[in-house]
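Q: Would you mind keeping the following structure in view while I ask a few things?
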Amino acid sequence: MALSLDVRRKVPAALRTLLEREFDQSLRRLDQAAGDKPADRVEGVHEYRRSVKRLRAALQLASGVVPAAELHRIDRALSDAARRLGTLRDAHARRIAAERVAMLLPKVWRALAMDAWRSSGGMVAEAAADLSQASVQSLLQASRADMQAIRVRVQALKLDAMRAQTVADAVADAWRRARTRFNASWEDRDEAWLHGARKRGQRAANLLVLVGGWGGRWSAATERRLRRASGLLGEARDSELMLERMPAVAPDAPLHEVVRRLREVAMKRRKAALRESQREGRAALRLGRGACHKRLMSAIDRAP
(Lines give C-alpha, C1' and ligand atoms only; values in the text may rest on other atoms or scores of the structure.)
Protein backbone atom coordinates (compact mmCIF):
# COMPACT_ATOMS: atom_id res chain seq x y z
CA MET A 1 0.00 0.00 0.00
CA ALA A 2 1.05 3.57 -0.53
CA LEU A 3 0.61 4.28 3.17
CA SER A 4 -1.04 3.01 6.32
CA LEU A 5 -3.88 4.76 8.07
CA ASP A 6 -2.75 6.77 11.07
CA VAL A 7 -5.19 7.08 13.98
CA ARG A 8 -3.53 10.38 14.87
CA ARG A 9 -4.90 11.86 11.62
CA LYS A 10 -8.50 12.23 10.61
CA VAL A 11 -9.42 8.86 9.09
CA PRO A 12 -11.39 10.25 6.10
CA ALA A 13 -8.45 12.43 5.02
CA ALA A 14 -6.00 9.56 5.47
CA LEU A 15 -8.14 7.21 3.41
CA ARG A 16 -8.62 9.74 0.61
CA THR A 17 -4.85 10.28 0.42
CA LEU A 18 -4.27 6.55 0.24
CA LEU A 19 -6.88 6.03 -2.47
CA GLU A 20 -5.47 8.84 -4.63
CA ARG A 21 -1.96 7.43 -4.40
CA GLU A 22 -3.18 3.96 -5.27
CA PHE A 23 -5.08 5.23 -8.31
CA ASP A 24 -1.88 6.97 -9.42
CA GLN A 25 -0.01 3.70 -8.94
CA SER A 26 -2.51 1.71 -11.00
CA LEU A 27 -2.22 4.17 -13.90
CA ARG A 28 1.59 4.04 -13.76
CA ARG A 29 1.44 0.26 -14.00
CA LEU A 30 -0.80 0.49 -17.05
CA ASP A 31 1.81 2.76 -18.64
CA GLN A 32 4.45 0.14 -17.83
CA ALA A 33 2.29 -2.58 -19.40
CA ALA A 34 2.10 -0.49 -22.58
CA GLY A 35 5.86 -0.78 -23.09
CA ASP A 36 7.50 -2.72 -25.90
CA LYS A 37 9.43 -5.11 -23.66
CA PRO A 38 7.57 -8.36 -22.85
CA ALA A 39 8.93 -8.33 -19.29
CA ASP A 40 7.52 -4.84 -18.68
CA ARG A 41 4.20 -5.89 -20.15
CA VAL A 42 3.95 -8.90 -17.84
CA GLU A 43 5.05 -7.00 -14.72
CA GLY A 44 2.84 -4.02 -15.52
CA VAL A 45 -0.26 -6.18 -15.90
CA HIS A 46 0.52 -8.15 -12.74
CA GLU A 47 1.18 -5.07 -10.60
CA TYR A 48 -1.83 -3.23 -12.02
CA ARG A 49 -4.09 -6.08 -10.96
CA ARG A 50 -2.50 -6.08 -7.50
CA SER A 51 -3.09 -2.34 -7.26
CA VAL A 52 -6.77 -2.85 -8.07
CA LYS A 53 -7.02 -5.43 -5.29
CA ARG A 54 -5.53 -2.95 -2.84
CA LEU A 55 -8.04 -0.32 -3.92
CA ARG A 56 -10.89 -2.74 -3.38
CA ALA A 57 -9.59 -3.54 0.11
CA ALA A 58 -9.17 0.13 1.03
CA LEU A 59 -12.71 0.94 -0.05
CA GLN A 60 -13.97 -1.86 2.17
CA LEU A 61 -12.93 0.30 5.13
CA ALA A 62 -15.74 2.71 4.28
CA SER A 63 -18.42 0.03 4.43
CA GLY A 64 -19.85 1.46 7.63
CA VAL A 65 -20.47 4.94 6.23
CA VAL A 66 -21.02 4.59 2.46
CA PRO A 67 -24.27 3.01 1.18
CA ALA A 68 -23.70 -0.68 0.51
CA ALA A 69 -25.21 -0.48 -2.98
CA GLU A 70 -22.77 2.22 -4.11
CA LEU A 71 -19.77 0.43 -2.63
CA HIS A 72 -20.90 -2.76 -4.36
CA ARG A 73 -21.17 -0.99 -7.73
CA ILE A 74 -17.68 0.48 -7.38
CA ASP A 75 -16.24 -2.83 -6.23
CA ARG A 76 -17.84 -4.59 -9.20
CA ALA A 77 -16.44 -1.96 -11.57
CA LEU A 78 -12.93 -2.45 -10.14
CA SER A 79 -13.29 -6.22 -10.42
CA ASP A 80 -14.34 -5.91 -14.05
CA ALA A 81 -11.41 -3.57 -14.73
CA ALA A 82 -8.92 -6.10 -13.39
CA ARG A 83 -10.62 -8.97 -15.21
CA ARG A 84 -10.21 -7.15 -18.53
CA LEU A 85 -6.50 -8.05 -18.43
CA GLY A 86 -7.04 -11.48 -16.90
CA THR A 87 -6.37 -13.32 -20.16
CA LEU A 88 -2.84 -11.92 -20.31
CA ARG A 89 -2.16 -12.80 -16.70
CA ASP A 90 -3.54 -16.34 -16.94
CA ALA A 91 -1.62 -17.10 -20.12
CA HIS A 92 1.63 -16.09 -18.45
CA ALA A 93 0.73 -18.01 -15.30
CA ARG A 94 0.22 -21.23 -17.28
CA ARG A 95 3.69 -21.00 -18.78
CA ILE A 96 5.34 -20.23 -15.41
CA ALA A 97 3.47 -23.14 -13.79
CA ALA A 98 4.60 -25.49 -16.56
CA GLU A 99 8.23 -24.39 -16.11
CA ARG A 100 8.06 -24.90 -12.34
CA VAL A 101 6.53 -28.35 -12.69
CA ALA A 102 9.06 -29.33 -15.36
CA MET A 103 11.87 -28.44 -12.94
CA LEU A 104 10.58 -31.13 -10.58
CA LEU A 105 11.19 -33.81 -13.19
CA PRO A 106 14.56 -35.50 -13.77
CA LYS A 107 16.91 -33.11 -15.56
CA VAL A 108 16.98 -35.13 -18.77
CA TRP A 109 13.18 -34.83 -19.03
CA ARG A 110 12.79 -31.07 -18.49
CA ALA A 111 13.20 -29.72 -22.03
CA LEU A 112 11.13 -32.58 -23.40
CA ALA A 113 8.43 -31.86 -20.79
CA MET A 114 8.12 -28.25 -22.00
CA ASP A 115 7.89 -29.47 -25.58
CA ALA A 116 5.16 -31.86 -24.48
CA TRP A 117 3.28 -29.10 -22.69
CA ARG A 118 3.40 -26.86 -25.76
CA SER A 119 2.29 -29.60 -28.11
CA SER A 120 -0.62 -30.63 -25.88
CA GLY A 121 -2.13 -27.20 -25.28
CA GLY A 122 0.61 -24.88 -24.14
CA MET A 123 0.94 -23.26 -27.53
CA VAL A 124 -2.55 -21.85 -27.05
CA ALA A 125 -1.50 -20.28 -23.74
CA GLU A 126 1.67 -18.82 -25.22
CA ALA A 127 -0.26 -17.39 -28.15
CA ALA A 128 -2.62 -15.66 -25.72
CA ALA A 129 0.35 -14.18 -23.89
CA ASP A 130 1.77 -12.87 -27.17
CA LEU A 131 -1.24 -10.89 -28.35
CA SER A 132 -0.37 -8.38 -31.01
CA GLN A 133 0.79 -5.00 -29.75
CA ALA A 134 -2.33 -3.35 -31.17
CA SER A 135 -4.58 -5.72 -29.23
CA VAL A 136 -2.67 -5.14 -26.02
CA GLN A 137 -2.79 -1.37 -26.45
CA SER A 138 -6.54 -1.50 -27.00
CA LEU A 139 -7.04 -3.45 -23.76
CA LEU A 140 -4.78 -1.06 -21.84
CA GLN A 141 -6.56 1.99 -23.20
CA ALA A 142 -9.91 0.56 -22.10
CA SER A 143 -8.45 -0.23 -18.66
CA ARG A 144 -7.18 3.32 -18.28
CA ALA A 145 -10.64 4.68 -19.13
CA ASP A 146 -12.12 2.29 -16.55
CA MET A 147 -9.83 3.52 -13.79
CA GLN A 148 -10.34 7.20 -14.55
CA ALA A 149 -14.13 6.79 -14.45
CA ILE A 150 -13.99 4.82 -11.21
CA ARG A 151 -11.67 7.40 -9.67
CA VAL A 152 -14.26 10.13 -10.23
CA ARG A 153 -16.91 8.02 -8.50
CA VAL A 154 -14.64 7.31 -5.54
CA GLN A 155 -13.75 11.00 -5.17
CA ALA A 156 -17.46 11.74 -4.83
CA LEU A 157 -17.95 9.37 -1.88
CA LYS A 158 -18.89 10.98 1.43
CA LEU A 159 -16.39 9.70 4.02
CA ASP A 160 -16.65 12.36 6.72
CA ALA A 161 -18.39 10.03 9.16
CA MET A 162 -15.47 7.55 9.16
CA ARG A 163 -13.75 6.91 12.47
CA ALA A 164 -11.16 4.48 13.76
CA GLN A 165 -14.01 2.29 15.02
CA THR A 166 -15.38 2.10 11.46
CA VAL A 167 -12.04 0.84 10.21
CA ALA A 168 -11.70 -1.75 12.99
CA ASP A 169 -15.20 -3.04 12.24
CA ALA A 170 -14.41 -3.46 8.54
CA VAL A 171 -11.11 -5.25 9.18
CA ALA A 172 -12.71 -7.60 11.71
CA ASP A 173 -15.51 -8.45 9.26
CA ALA A 174 -13.01 -9.27 6.50
CA TRP A 175 -11.05 -11.33 9.04
CA ARG A 176 -14.19 -13.31 9.89
CA ARG A 177 -14.94 -14.04 6.23
CA ALA A 178 -11.42 -15.27 5.59
CA ARG A 179 -11.37 -17.34 8.78
CA THR A 180 -14.66 -19.01 7.91
CA ARG A 181 -13.34 -20.08 4.50
CA PHE A 182 -9.98 -21.36 5.78
CA ASN A 183 -11.54 -23.26 8.69
CA ALA A 184 -14.05 -25.03 6.45
CA SER A 185 -13.32 -28.38 4.86
CA TRP A 186 -11.47 -28.05 1.54
CA GLU A 187 -12.19 -31.61 0.49
CA ASP A 188 -13.53 -31.81 -3.09
CA ARG A 189 -13.87 -28.04 -3.41
CA ASP A 190 -13.95 -26.67 -6.94
CA GLU A 191 -11.61 -23.99 -8.28
CA ALA A 192 -14.16 -21.19 -7.86
CA TRP A 193 -14.53 -21.94 -4.14
CA LEU A 194 -10.78 -22.14 -3.62
CA HIS A 195 -10.27 -18.94 -5.58
CA GLY A 196 -12.76 -17.34 -3.21
CA ALA A 197 -10.61 -18.47 -0.28
CA ARG A 198 -7.59 -16.88 -1.90
CA LYS A 199 -9.41 -13.59 -2.45
CA ARG A 200 -10.59 -13.51 1.16
CA GLY A 201 -7.07 -14.18 2.41
CA GLN A 202 -5.67 -11.45 0.17
CA ARG A 203 -8.35 -9.00 1.30
CA ALA A 204 -7.58 -9.63 4.97
CA ALA A 205 -3.84 -9.28 4.31
CA ASN A 206 -4.30 -6.01 2.43
CA LEU A 207 -6.41 -4.60 5.23
CA LEU A 208 -3.80 -5.58 7.81
CA VAL A 209 -1.25 -3.62 5.80
CA LEU A 210 -3.54 -0.62 6.05
CA VAL A 211 -3.72 -0.88 9.83
CA GLY A 212 -0.18 -2.16 10.27
CA GLY A 213 0.70 0.78 12.49
CA TRP A 214 -2.12 -0.16 14.82
CA GLY A 215 -1.49 -3.88 15.20
CA GLY A 216 2.30 -3.83 15.52
CA ARG A 217 4.17 -7.13 15.31
CA TRP A 218 1.00 -9.20 15.47
CA SER A 219 -0.47 -7.47 12.42
CA ALA A 220 2.77 -7.73 10.42
CA ALA A 221 3.34 -11.41 11.25
CA THR A 222 -0.27 -12.33 10.47
CA GLU A 223 -0.16 -10.46 7.17
CA ARG A 224 2.96 -12.40 6.12
CA ARG A 225 1.30 -15.73 6.85
CA LEU A 226 -1.82 -14.74 4.95
CA ARG A 227 0.35 -13.71 1.98
CA ARG A 228 1.99 -17.11 2.03
CA ALA A 229 -1.36 -18.90 2.26
CA SER A 230 -2.75 -16.86 -0.65
CA GLY A 231 0.43 -17.38 -2.67
CA LEU A 232 0.18 -21.14 -2.26
CA LEU A 233 -3.44 -21.02 -3.38
CA GLY A 234 -2.26 -19.07 -6.39
CA GLU A 235 0.30 -21.75 -7.21
CA ALA A 236 -2.38 -24.42 -6.94
CA ARG A 237 -4.66 -22.43 -9.27
CA ASP A 238 -1.87 -21.89 -11.79
CA SER A 239 -1.21 -25.62 -11.84
CA GLU A 240 -4.89 -26.19 -12.51
CA LEU A 241 -4.84 -23.61 -15.32
CA MET A 242 -1.90 -25.45 -16.83
CA LEU A 243 -3.67 -28.79 -16.64
CA GLU A 244 -6.83 -27.36 -18.24
CA ARG A 245 -4.93 -26.85 -21.50
CA MET A 246 -3.36 -30.31 -21.51
CA PRO A 247 -5.76 -32.81 -23.08
CA ALA A 248 -5.05 -36.51 -22.83
CA VAL A 249 -2.44 -37.86 -25.24
CA ALA A 250 -2.96 -41.20 -26.98
CA PRO A 251 -0.94 -44.06 -25.39
CA ASP A 252 0.92 -44.68 -28.63
CA ALA A 253 1.89 -41.01 -29.09
CA PRO A 254 5.63 -40.23 -28.78
CA LEU A 255 5.11 -37.79 -25.89
CA HIS A 256 2.53 -39.84 -24.00
CA GLU A 257 4.81 -40.82 -21.12
CA VAL A 258 6.29 -37.39 -20.51
CA VAL A 259 2.83 -35.76 -20.64
CA ARG A 260 1.58 -38.33 -18.15
CA ARG A 261 4.48 -37.57 -15.82
CA LEU A 262 4.00 -33.83 -16.21
CA ARG A 263 0.32 -34.10 -15.29
CA GLU A 264 1.10 -36.40 -12.39
CA VAL A 265 3.67 -34.04 -10.89
CA ALA A 266 1.43 -30.99 -11.44
CA MET A 267 -1.47 -32.65 -9.62
CA LYS A 268 0.79 -33.73 -6.77
CA ARG A 269 2.22 -30.23 -6.49
CA ARG A 270 -1.27 -28.73 -6.47
CA LYS A 271 -2.44 -30.97 -3.64
CA ALA A 272 0.64 -30.15 -1.56
CA ALA A 273 0.15 -26.42 -2.12
CA LEU A 274 -3.48 -26.64 -1.01
CA ARG A 275 -2.58 -28.52 2.18
CA GLU A 276 0.12 -26.03 3.11
CA SER A 277 -2.07 -23.05 2.25
CA GLN A 278 -4.86 -24.17 4.54
CA ARG A 279 -2.39 -24.87 7.35
CA GLU A 280 -0.86 -21.39 7.02
CA GLY A 281 -4.24 -19.69 6.76
CA ARG A 282 -5.63 -21.42 9.82
CA ALA A 283 -2.53 -20.53 11.83
CA ALA A 284 -2.75 -16.88 10.74
CA LEU A 285 -6.48 -16.64 11.50
CA ARG A 286 -6.54 -18.50 14.79
CA LEU A 287 -8.18 -15.57 16.61
CA GLY A 288 -11.92 -15.10 16.28
CA ARG A 289 -13.52 -11.92 14.97
CA GLY A 290 -14.07 -10.53 18.45
CA ALA A 291 -10.47 -11.07 19.51
CA CYS A 292 -9.20 -9.48 16.30
CA HIS A 293 -11.44 -6.45 16.81
CA LYS A 294 -10.36 -6.14 20.43
CA ARG A 295 -6.68 -6.12 19.44
CA LEU A 296 -7.24 -3.36 16.93
CA MET A 297 -9.25 -1.21 19.33
CA SER A 298 -6.67 -1.72 22.07
CA ALA A 299 -3.97 -0.54 19.70
CA ILE A 300 -6.04 2.53 18.84
CA ASP A 301 -6.49 3.33 22.52
CA ARG A 302 -2.72 3.10 23.07
CA ALA A 303 -1.92 5.42 20.17
CA PRO A 304 -0.44 8.76 21.26
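Q: When you go through (1) in a loop (DSSP other than H, G, I, E, B); (2) at pLDDT below 85 one by one for M242, which number turns out not to apply?
A: Every condition holds for M242 apart from (1).
Q: Is segment 57-71 home to any residue that is over 19 Å from the mean Cα position of the chain (by Cα), in a helix (DSSP H, G or I), surrounded by 14 or more Cβ atoms within 10 Å (Cβ to Cβ) and at pLDDT 85 or above?
A: Among the residues of segment 57-71, at least one is over 19 Å from the mean Cα position of the chain (by Cα), in a helix (DSSP H, G or I), surrounded by 14 or more Cβ atoms within 10 Å (Cβ to Cβ) and at pLDDT 85 or above, which makes the answer yes.
Q: If you don't mind, there's one more thing I want to ask. Give me the pairs, please: first residue somewhere in segment 225-241 and in contact (Cβ under 8 Å) with a residue 24 or more places away in the chain, second residue anywhere and among the aromatic types (F, W, Y), beta-carbon distance under 9 Å, and either six or more positions apart or on two chains.
A: Correct list of pairs: A229/F182.
Q: Same structure again: Is it true that G201 is part of a helix (DSSP H, G or I) and at positive phi?
A: no
Q: Let me ask something else about it. Exactly one condition in (1) of a type in the set (D, E, K, R); (2) at pLDDT 90 or above; (3) over 30 Å from M297 (Cα atoms); (4) surrounded by 20 or more Cβ atoms within 10 Å (Cβ to Cβ) is not met by E280; state its number.
A: E280 satisfies every listed condition except (3).
Q: Might you let me know whether segment 30-38 holds any residue that is surrounded by fewer than 18 Cβ atoms within 10 Å (Cβ to Cβ), at pLDDT below 85 and not in a loop (DSSP other than H, G, I, E, B)?
A: Yes, segment 30-38 contains at least one residue that is surrounded by fewer than 18 Cβ atoms within 10 Å (Cβ to Cβ), at pLDDT below 85 and not in a loop (DSSP other than H, G, I, E, B).
Q: Which pairs do you get when a residue that is of a type outside the set (D, E, K, R), found in segment 264-291, comes within reach of a residue that is part of a loop (DSSP other than H, G, I, E, B), reach meaning Cβ atoms under 8 angstrom, with the pair 6+ apart or on two chains?
A: V265/L104; V265/L105; L274/W186; Q278/W186
Q: Name the residue, out of L88, L19, that is modelled with pLDDT under 90 and in a helix (DSSP H, G or I).
A: L88
The values are calculated or read from the model by the stated rules, or taken from the named source; none is laboratory data. Just so you know, these numbers come straight off a predicted model, no measurement behind them. Reconstructed Cβ throughout: ideal geometry from the backbone, glycine too, with neighbour counts over all protein chains shown.
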